Amino acid sequence: MLTQQQKNIYLTPINKPIKAILDLPGSKSIANRVLPLAAIADGISIIHNIPDVAEDVQLMLEALVELGIKITKLSTALNGCSSYQIEGCGGKFPKASADLFLGNSGTSIRFLSAILAVSSGEYSLTGIQRMKERPIGDLVNALCQLGCNITYLENEAYPPLQISPFCDNQIKQISISGKISSQYLTGLLLAMPLLGREIQIKIYDELISRPYVEITLALLKLFAIEVVELETNLFAIKTNSGYKATEYTVEPDASSASYFLAMATLAGQVQINNLSANSLQGDKNFAQVLALMGSEVKYASDYIECRQAKNLIAIDVDMEDMPDVAMTVAILALFAEGVTTIRGIASWKVKETDRLIAIATELTKLGATVNYTNDSISILPPQQINSNIAIDTYNDHRMAMCFSLLAVGGISVVINDFSCVGKTFANYFELFDMVVYQ
């Protein structure tokens, strides 16, 4: 039973096995790449399965409209997604000045900062207080190597930003760190073809979350942009004749799918349609992690299916390529036999909240023994998980969604400020109710 009380939601343990076949909303990660690409392309693009249930995507759409891009909603489907017609500007935004509010959408501010920095306009970009605590200095430093004019309006290396007209210094290679976020590199890859000349981008240390960069490269190819990786972490953008408009359908969000696949691992069977081993998203591999924990997993040509584990097994796993769904593993650890260790999660600290501290704090409330370093966490489940605990969500959508799994594992739980799921999946708890209780 799901009971809503003002800002909080109370979840009781399930009373039956789960069995569901789901069509989930489109991927935020893909949508927030394909939308700005369509906006700067030559011609009219039609993009399907854009998730209206994701605040981050709506912030991107609103920002593009504020920049003068003409966007028309064509239709809306039952899964809360719509098709949009986007009239591209050919790389020159109709409005040469704008003030953009981007909430706590890291993809929006990082991708648009890079694209606007190589334009000829005056733009300011800001967001909520947490956005002002999320670093952007590595991206700004790389852009300034090109001759971009960017000013920090408050604190050095953090938003808000003021962007002034670009003066290309014709440099042939720029370098950037990839240790904090792969979104910095994606921002550069989306923007550099606007220069109309060859340029190289070098990651001078390590690149985390590599699968998200692969999404970017695949979408650039869709829009007729050629990027070649000359050697590991050295990318060359070739001379091109501009981004070409296209028609495209956004895949279901693999990160959102993780919660439902985890539900199956705990108590039933779930099939996610239109997601497969050939998906662009690295989080498609989350089901393989569930298989390590004992779930029965099937990858078909047009769906992924998971079935309940007979015994949930503790694992030691590196999740650097899948940091968002690593949080789901942390909750499953409560029901596993032994100590689960999750590595490669340093990026948790600069997400919507400091996820490392948040996860450790809430798991401890539930009775788990938790130890963590800067890039790992180890979880020993208690003999009996504490029930009816109020989980704080820290204005982080993934905290709310992953801790909802407690009810599927047989534990009553209160999720505080559950509406934070609106960042990527506004109707999550409606779907949760349908899958788990009805």
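The values are calculated or read from the model by the stated rules, or taken from the named source; none is laboratory data. Everything numeric here is computed off the predicted structure, so don't read it as measured data. Here Cβ is always computed from backbone atoms with ideal geometry, including for glycine, and neighbour counts include all displayed protein chains. Protein only, heavy atoms only, side chains kept; ligands, DNA and RNA dropped before computing areas. Shrake-Rupley method; radii C 1.70, N 1.55, O 1.52, S 1.80 Å.
What the table shows:
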quantity: Local net charge near SER82, Cβ-Cβ under 10 Å (Lys/Arg +1, Asp/Glu -1); calculated: 0
quantity: Surrounding net charge for LEU22, when Lys and Arg each add one and Asp and Glu each subtract one, Cβ distance under 12 Å; calculated: -2
quantity: Beta bridges by DSSP in the chain, antiparallel share as percent, to the nearest 5; calculated: 65
quantity: Accessible area per residue, Å², the chain with all protein chains present, probe 1.4 Å; calculated: 37
quantity: Normalised convex hull volume, the chain, alpha-carbon set, Å³ per residue; calculated: 126
quantity: The range 332-438: chymotrypsin sites (Phe, Trp or Tyr not before Pro) in DSSP loop, at most 15 other beta carbons within 10 Å; calculated: TYR437
quantity: Test item: Cα-centred dipole of the range 212-270, Lys/Arg +1 and Asp/Glu -1 on Cβ, debye; calculated: 120
quantity: Peptide ranges 277-288, 43-54 listed from the most packed, as the mean C-beta count within 10 angstrom indicates; calculated: 43-54, 277-288
quantity: Cross-link pairs beyond the 18 Å C-alpha cut-off, checked among LYS298/LYS423; LYS179/LYS423; LYS28/LYS92; LYS7/LYS351; LYS28/LYS284; LYS179/LYS202; calculated: LYS298/LYS423; LYS179/LYS423; LYS28/LYS92; LYS7/LYS351
quantity: Theoretical gain in end-to-end length, LYS244 to GLN200 [0.36 nm per residue, Cα-Cα removed]; calculated: 13.7 nm
quantity: Antiparallel bridges, percent of DSSP beta bridges restricted to the range 147-224 (to nearest 5); calculated: 45
quantity: Total charge dipole magnitude, the chain, about the Cα centre, Cβ charges on Lys, Arg, Asp, Glu only, Debye to nearest 20; calculated: 220
quantity: Portion, in percent, of the accessible area of the range 142-272 that falls on carbon or sulfur, probe 1.4 Å; calculated: 47
quantity: Normalised contact order of the range 58-168, rounded percent, pairs of Cα under 8 Å and 6 or more residues apart; calculated: 23
quantity: Angle in degrees between helix 323-332 and the longest Cα principal axis of the chain, rounded to the nearest 10; calculated: 0
quantity: Per residue, the convex hull volume that the Cα atoms of the range 133-257 enclose (Å³); calculated: 126
quantity: Two-site FRET efficiency, ALA20 against ARG343, from Cβ-Cβ distance with R₀ of 25 Å, rounded to 0.05; calculated: 0.20
quantity: Which of ILE150, ILE109, ILE69, positive extreme of dipole for the range 45-160 (C-beta unit charges); calculated: ILE69
quantity: Separation of the VAL350 and ASN311 label points, Cα + 7 Å toward Cβ, nm; calculated: 4.2
quantity: Label point distance in nm, ASP99-THR3, each placed 7 Å from Cα along Cα→Cβ; calculated: 4.5
quantity: Among THR369, GLY137, VAL270 the positive-end extreme of the charge dipole of the chain (Cβ point charges); calculated: VAL270
quantity: Check: the range 295-356 dipole with +1 on Lys, Arg Cβ and -1 on Asp, Glu Cβ, in debye; calculated: 160
